[in-house]
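The values are calculated or read from the model by the stated rules, or taken from the named source; none is laboratory data. No experiment lies behind these values; they were computed from the predicted model shown. Neighbour counts run over all protein chains shown; Cβ positions are idealised from the backbone, glycine included. Side chains included, ligands, DNA and RNA excluded: accessible areas come from the protein's heavy atoms. Shrake-Rupley method; radii C 1.70, N 1.55, O 1.52, S 1.80 Å.
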Amino acid sequence: MLLKGGYKMIKQIIARGFFKGLQEKVGKEKGQEIYNHYLLVLKGNQHWVTDKPTELNIIYTSMSLAAFQVLKKDGNENWREILRYCLMDRTKKKQQFFMKLYLMFDRHPFKRIVKISKAKQVKAYGEEHFDFSIKKDDNQSFHLHVNQCFYLTFFQSHDALEIMPLFCAMDDIWGDLLVPDKHGVEFTRPQLLSKGDSHCFFKFERTD
């Protein structure tokens with residue numbers, strides 16, 4: 001499935017940002033080597049792409065896998081910190097800025113968070129490689145189970161499960177901003193597929 005129009009532009013922006021951060025950490029020459037390997041990884045994994053959300057998700061996984069494989073081959077023990085910087089730390093403040101605005105001006109953040117979560121299940125993850133089930137959904141609680149995760153399946157198929165905790169940690173970018181006493185919402189993840197549990201458990205509870 002080819003990326004067209006807006007998706008193609010988003011693909012370019014994502015890759016450009018990731019590899020810009022990577023060059024800051026490993027230098028231009030090594031960054032180019034990883035980029036060339038990424039193109040091969042991306043081409044070799046196009047069979048995963050069965051819906052639009054996966055067209056973008058495959059970019060993140062392919063970039064991360066390419067960097068992991070090259071850095072591990074080089075014996076670079078800092079590969080986790082390098083990947084974390086490229087995936088999260090480099091843009092964390094910018095991403096959190098908009099979340100902070102929501103929390104500052106929204107009088108009912110719990111309702112908005114639930115609404116966003118439901119919308120993202122289809123728009124950001126799709127229905128082909130993820131399996132979601134809502135276990136509780138009322139004015140007090142929202143409990144979401146992720147029974148199947150594309151990221152986990154992808155990295156597992158490439159013997160690279162070491163990367164998975166970094167992808168789980170990406171939810172902390174916004175999750176860490178939720179302060180129960182201040183925002184009236186408590187967010188926890190008592191179970192994770194990456195830790196060997198049967199599912200990921202996203203648990204939102206109103207505290208106001």
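General remarks:
- Helix-derived mean residue ellipticity, 222 nm - over the chain, DSSP H n ≥ 4, -39500 (n - 2.57), to 500: -17500 deg cm²/dmol
- Exposed loop sites were defined as trypsin sites (Lys or Arg not before Pro) in DSSP loop states (anything but H, G, I, E or B) carrying at most 14 other C-beta atoms within 10 Å; in the chain the longest segment without such a site runs 5-106.
- Candidate residues His108, His47: accessible-area rank, largest first, probe 1.4 Å: His47, His108
- The chain: most fluctuating residue of Gln121, Gln148, Gln140 per GNM, C-alpha cutoff 10 Å: Gln140
- Given Lys100/Lys120; Lys94/Lys136; Lys120/Lys195; Lys11/Lys135; Lys25/Lys203, the pairs whose alpha carbons are separated by over 25 Å: Lys94/Lys136; Lys11/Lys135; Lys25/Lys203
- Rolling a 1.4 Å probe over the protein heavy atoms gives the chain an accessible area of 58 Å² per residue.
- Note on Trp48: accessible area approximately 40 square angstrom, rounded to 10, probe 1.4 Å, nucleic acids and ligands left out.
- Rolling a 1.4 angstrom probe over the chain with all protein chains present gives an accessible area of which 52% lies on carbon and sulfur atoms.
- Helix 92-105 and the long axis of the chain differ in direction by around 20°, with both axes built from C-alpha atoms.
- The candidate values are (i) 139; (ii) 106; (iii) 127; the one derived from this structure for volume of the Cα convex hull per residue in Å³ carries the label (iii).
- Three-way shape label, the range 39-158, alpha-carbon gyration tensor, a/c 1.5: oblate
- Overall shape: oblate for the range 93-174, with the ratio a/c of the largest to smallest alpha carbon gyration tensor axis at 1.5 or above and b/c at least equal to a/b.
- Applied to the range 191-208, the Karplus parametrisation 6.51 cos²θ - 1.76 cosθ + 1.60 on θ = phi - 60° returns per-residue 3J(HN,Hα) values of 9, 9, 4, 5, 9, x, 6, 6, 6, 8, 10, 9, 10, 10, 10, 6, 10, 8 Hz, with x for Gly and Pro.
- Relative contact order, whole percent, for the chain stands at 18, derived from Cα pairs under 8 Å and 6 or more residues apart.
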